[in-house]
Amino acid sequence: MTTLDWDHPNPHICSVTVTPTDIDALSHTNNGVYVNWCEQAAWSHTRALGLGEDQYRSLNRAMALTQAEYQYLRATHENDALQVGTWITRWDRRLTMERQFQIIDNKTGQTVLRAKHQFVCIEISTGKPRRPPKEFIDQYGPVVLNLESP
């Protein structure tokens with residue numbers, strides 16, 4: 001297996017394989033599929049930290065997406081095996097969080113996508129920005145890389 005060159009250490013990784021339904025009219029993976037893979041990886045990481053949907057609801061808090069950027073670097077095709085890596089790269093512990101993603105082709109070791117998501121902590125019942133609860137600080141805090149923005 002090819003060694004994967006991750007942008008940052010210790011990514012949370014989800015494996016995906018491109019299926020026939022992922023392919024668009026241009027005969028490569030549809031851009032929206034990458035968006036879904038990033039969302040799935042973010043939820044997988046959040047759940048692994050002990051903060052799934054049930055915890056969000058019981059705390060009446062959530063990290064809501066406010067901005068997303070995607071850099072599509074290479075096309076992928078049916079049956080390509082990929083690794084989706086994600087990290088929490090910044091968090092001010094007051095309201096906002098940044099999460100980065102990198103998708104790498106298992107066979108070639110090439111990065112096919114990089115993405116960045118910005119989140120704000122909200123009170124679910126009102127949708128208004130609120131400070132994160134102690135549980136968020138305790139669970140997210142230890143894994144934040146605190147990278148400087150370019």
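The values are calculated or read from the model by the stated rules, or taken from the named source; none is laboratory data. Just so you know, these numbers come straight off a predicted model, no measurement behind them. All Cβ positions, even for glycine, are placed from backbone atoms using ideal geometry, and neighbour counts span all protein chains on display. Areas reflect the complete protein model, heavy atoms only, side chains present, ligands, DNA and RNA absent. Shrake-Rupley method; radii C 1.70, N 1.55, O 1.52, S 1.80 Å.
A few points about this structure:
- Of all residues in segment 113-133, those satisfying the criterion of being under 29 Å from P9 (Cβ atoms) and touching a residue at least 60 places away in the same chain (Cβ under 8 Å) are L113, R114, A115, H117, C121, P132, P133.
- Test set (1) crowded, with 19+ Cβ neighbours inside 10 Å; (2) under 13 Å from the mean Cα position of the chain (by Cα) - T29 fails condition number: (2)
- The C-beta contact set for segment 46-66 (first residue touching a residue at least 60 places away in the same chain (Cβ under 8 Å), second residue open to solvent by 50 Å² or more (accessible area, probe 1.4 Å) and part of a loop (DSSP other than H, G, I, E, B), distance under 6 angstrom, 6+ apart or interchain) comprises N60/I124; N60/S125; A62/I124.
- For Q40, the conditions (1) surrounded by fewer than 16 Cβ atoms within 10 Å (Cβ to Cβ); (2) in contact with a helix residue (DSSP H, G or I) (Cβ under 9 Å, 6 or more places away or on another chain); (3) at pLDDT 95 or above all hold with the exception of (2).
- Qualifying positions in segment 92-108 - of a type outside the set (D, E) and open to solvent by less than 20 Å² (accessible area, probe 1.4 Å): M97, R99, F101, Q102, I103, I104
- Boolean, T3 is farther than 15 Å from R74 by Cβ, in contact (Cβ under 8 Å) with a residue 60 or more places away in the chain, open to solvent by 70 Å² or more (accessible area, probe 1.4 Å) and hydroxyl-bearing (S, T, Y): yes
- Qualifying residue in segment 70-80 (condition: assigned to a loop (DSSP other than H, G, I, E, B) and of a type in the set (D, E)): yes
- Here is the figure for segment 6-26: residues that are under 13 Å from F101 (Cβ atoms) and either assigned to a strand (DSSP E or B) or open to solvent by 40 Å² or more (accessible area, probe 1.4 Å) (or both) total 6.
- Test: Y70 is hydroxyl-bearing (S, T, Y), open to solvent by 40 Å² or more (accessible area, probe 1.4 Å) and in contact with a strand residue (DSSP E or B) (Cβ under 9 Å, 6 or more places away or on another chain): yes
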